[in-house]
Each structure stands twice: as structure tokens, then as C-alpha cells.
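The values are calculated or read from the model by the stated rules, or taken from the named source; none is laboratory data. Keep in mind the model is a prediction, meaning the values are calculated, not measured. Here the Cβ is made from the backbone with ideal geometry for all residues, glycine too, and neighbour counts use every protein chain on show. We work out accessible area using only protein heavy atoms, side chains counted, and drop any ligands, DNA or RNA first. Shrake-Rupley method; radii C 1.70, N 1.55, O 1.52, S 1.80 Å.
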Amino acid sequence: MSTGSGADSAPAPTSTHESKPGGTFSSLKIRNYRLFATGAVISNTGTWMSRITQDWLVLSLTGSAAAVGITTALQFLPMLLFGLYGGVIADRLPKRKLLLFSQAALGLCGIALAVLTLSGVVQVWHVYLIAFLLGMVTVVDNPARQSFVSEMVGPAQLRNAVSLNSANFQSARLIGPAVAGVLITTVGSGWAFMFNGLSFLAPLVGLLMMRTSELHKAVVVPRAKGQLREGLRYVSGHPELIWPIVLVGFVGTFGFNFPIWLTAFADEIFHGGAGMYSFFNILMAAGSLAGALLAARRRSSRLRMLVAAGTAFGLLEIIASLSPSVWLFSILLVPIGMIGLTTNISANTSVQMAADPAMRGRVMSLYMMVFAGGTPVGAPIVGWISDAYGVRTGMAVGGAFSLVAALGVGLMLARVGGLRLRVDLRPGRPHVRFVPREELATAAETRRYGATLGA
């Protein structure tokens, strides 16, 4: 079991299971990825426990949905401010070593919040500060972790591995809220934070146990001036990159503010407390897990799937915001989780597979900056709307932004791809679809020719 530094010079592995993707769990045949996934599911469980507990702690300390939004915003503000620099760092440095540093730092933040809470001295500004520090570490951790996947599995298994990463995250989301709800109501919030801090030992052990000689050769970009601008120019010149990033930016900024909405629905609308809040998160996680596993079975990533999922996600959020009863709201959370995750995976995989390896860290940092970094803008706005006009209005506004963005991006991608909307009302045919302009022109010419013959 080697833990040396042979990754820089070793050729990329060419085993059969890496070159021929197939099956929902095909990436798990790769030992390094199995270690990565095992550590991730443990730390992700702790992360979800911490997120649920953090939101509930802030709500308990302040009684304000806007305060929950501020906490979320502070955690994602560094991504907005420094996210692109994190991508430059991820392209310059060995990603495995970078992850050893970032995962250890995330664990220390969790332990610090646990100590403050267990000692009974925690105040809301403590939570704000630690949320900001977590965001600073995530600036480097996110692009390094996203682009490290391709080094573990190679291009043939990249889509499957990205989907399984999401399934891993959502599996933890099923377990974490349930355990957090039990801990909050029995022994208190501090122990949930403590479990989160200690859970990062698992990915650290996994990274140390990896056989670096089996990693695919990484492209390490030498330090040079203008690399940040170079990354931005690269993305702006590729419509297949820029438009998915624009869509996830709107969805992430306005549509993924569930910590605000679910806490308020559980507390103010349905009066269910922390247990109901955990239950809502479990339902969303179940839908998200199903969406991730379905995505892992697909062999290709199409932009039309991304646009369709974004449109459906926005519509479902608007419908859920109007739900008159807790059971209808709960049922709708499952497809919202499924389609929201499909939107994220479709965008993530299409962007990763379209990006040049030398640019992948910067491209993924821009992706994560837009997706997660928009939260400091969206969360306070949505939190304020929820406080001022009611949580139903806040959720409906978030869904409306996602819906309009999906439709707008769909039209722009159709225009870039030379497509036109075709409506066909004949039975047994797709009634509405995008087709190449040439196909429309040919069909029109055929109809004119037929009409001439008929005359």
C-alpha cells in the first residue's frame, strides 16, 4: 500500500473497468475512489448534522429567518469574493496534498464550534465567524475536490463518479438530519458539532491510504501572471461552459435557499419544531439521492436535460410554496430534491467534461463561485422577503427566478446551436422540441413541393 509521490511521473492506469464505463456503481471498482467515497460519506454525514444544527441554533438564538440567511451568506461569501483564486491554487498545486490541508482545517472549525456550544458560551457572532472561516477553507477545498475526481477515475468514469459523489452527499443528507434531530432534542447541539469535527478524520485517512501510483497523471500549471484572466477568457469563449454556469448561478442564488425556507415552514407555518425540520430535510435528501442514482446510470450529459430540469425545479418550488397542508408540502419536497440534484449534476458533468484539463480547476472554481457564491447575495434577500412578506412569498420568488433563468438559458443555447422551436401536433410525435434550422428549412421545402404537386 503505497503512499509515496509517484503520481507525477506514473502513466495513467488503463484497467478495463476504467476504460469501459458501465453500471450505476462502476467507479467504485477503482480502489482510490472507494477510499475517497468512504471517507466522504462519513464527513458528509457530519457536515449535514452540523448544517441542520447550525441553522436551528441560530434560529433559537435570534428567532429570525434573516439571521439564518446571514449565517448561510457568511459561509458562502468567501466563495463569491475569492473563489476564482481558489481555482488558480487548485491548478497550481497537487490536489491530494491540498485536500489533506483543507479537510483538516474543516475538522478544526467543527471542533471549535462544538467546544463553544458545549461550554454554554456560544453567541450568534461565534456562529457567524466560524461559518465565514469554513467558507474560506472551502474556497480551496471545492475546486481541488471537484477536479481531483478526474485524477482518481479518469475521463471514462468521470460522469459516473460525479453522480456517485452527489449520491454519496445525499445519502449522508438522509442520515445527518435524522441523527442531528435526535441529538438536538436529547443531549444538545454541541455533540452534533463535535461529531462533525471528528468525522473529517475519515477522508484524511482515505487520502493517506491512496496509491498515488494509480492516480491519473495530473496537469499542474506553473505559476504565471494572468492565469485568472486566462481562465475567465477561456470560459467566456465557450458557450457550452458559460450558459450552464449562468443557469446554476441563478438556481444556486435564489432557488437553493432551503435552510431559510424549511426552518420557517417547520416553525412558523406548520408549527412542528426541530423534528419536522429534520424530516423535511430527509425527504429532500431521499429525492436527491434518487436523482443522483438515476444520473449515474446515464451515459451522457445533455444540455437539454439541464434546461428541462431547471424549468421543472422552478415550477415545483412555486407550487410547494402554495401548499395548504404539511402532507402536500412534504410530498413535493421529494421531486424538488430529485430534480434540483439532476440540475446540479447535469451542469457539473457537462462543464467538467467540456473543460480542458489544464483549465479544470479554474473552470470548476468559477462554477462553484457562481453556484455557491451567489448565496451571500440571494440568502439575505430571500430571508428578508420571507420575514417581511412571509416564507411562502420568499419561496415562490426563488422558484420564479429559477424558472425564468432556465427558460432564458434554454433559448440562448438554442440560438447558439442554430436551433429553432418546432411545434408538431400530430399524434405519436413530440409536440414541442428544438430542431436544427436546416431541418425546419427542409421540412418547409418539402411541404411547398408537396403543395405544388397537389395543385
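Using 0.36 nm per residue of separation minus the Cα-Cα distance, give me the extension gain between GLU240 and LYS29 in nm, one decimal. Kindly include the intermediate steps, with their values, before the conclusion.
Working: separation 211, 0.36 × 211 = 75.96 nm, distance 3.04 nm.
Taking GLU240 through LYS29 to full extension adds about 72.9 nm, to one decimal.
Would the range 295-418 count as rounded, prolate or oblate if I go by the C-alpha gyration tensor, calling it rounded below 1.5 in a/c and otherwise prolate when a/b exceeds b/c, oblate otherwise?
Working: a/c = 2.03, a/b = 1.61, b/c = 1.26.
It comes out prolate by the Cα gyration axes.
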The range 297-361 - convex hull of alpha carbons, volume per residue in Å³:
92 Å³
Along each principal axis, Cα extent of the range 63-170, largest first, Å:
50, 28, 26
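Report, to the nearest whole %, how much of the accessible area of the range 261-300 belongs to carbon and sulfur atoms, 1.4 Å probe, protein only. The partial results should precede the final answer.
Values: 890 of 1510 Å².
Reported share for carbon and sulfur atoms: 59 percent.
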How far apart, in nm, are two points set 7 Å out from the Cα along the Cα-to-Cβ line at VAL124 and at LEU208?
4.1 nm
For ILE111 and GLU268 in the same chain, what is the full-extension length gain: residue separation times 0.36 nm, less their Cα-Cα distance, in nm?
53.4 nm
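By the gyration tensor of its Cα atoms, with a ≥ b ≥ c the square roots of the eigenvalues, what is the shape of the range 126-178: rounded for a/c under 1.5, prolate for a/b over b/c, or oblate? If you can, show how the numbers build up before the last one.
Numbers: a/c = 5.24, a/b = 1.47, b/c = 3.55.
Oblate, since a/c reaches 1.5 and b/c is not below a/b.
Relative to 2.2 N^0.38 Å, what does the C-alpha radius of gyration of the range 255-339 come to as a ratio? Two decimals please.
On the way: Rg = 13.8 Å, N = 85, 2.2 N^0.38 = 11.9 Å.
Taking the Cα Rg and dividing by 2.2 N^0.38 Å, one obtains 1.16.
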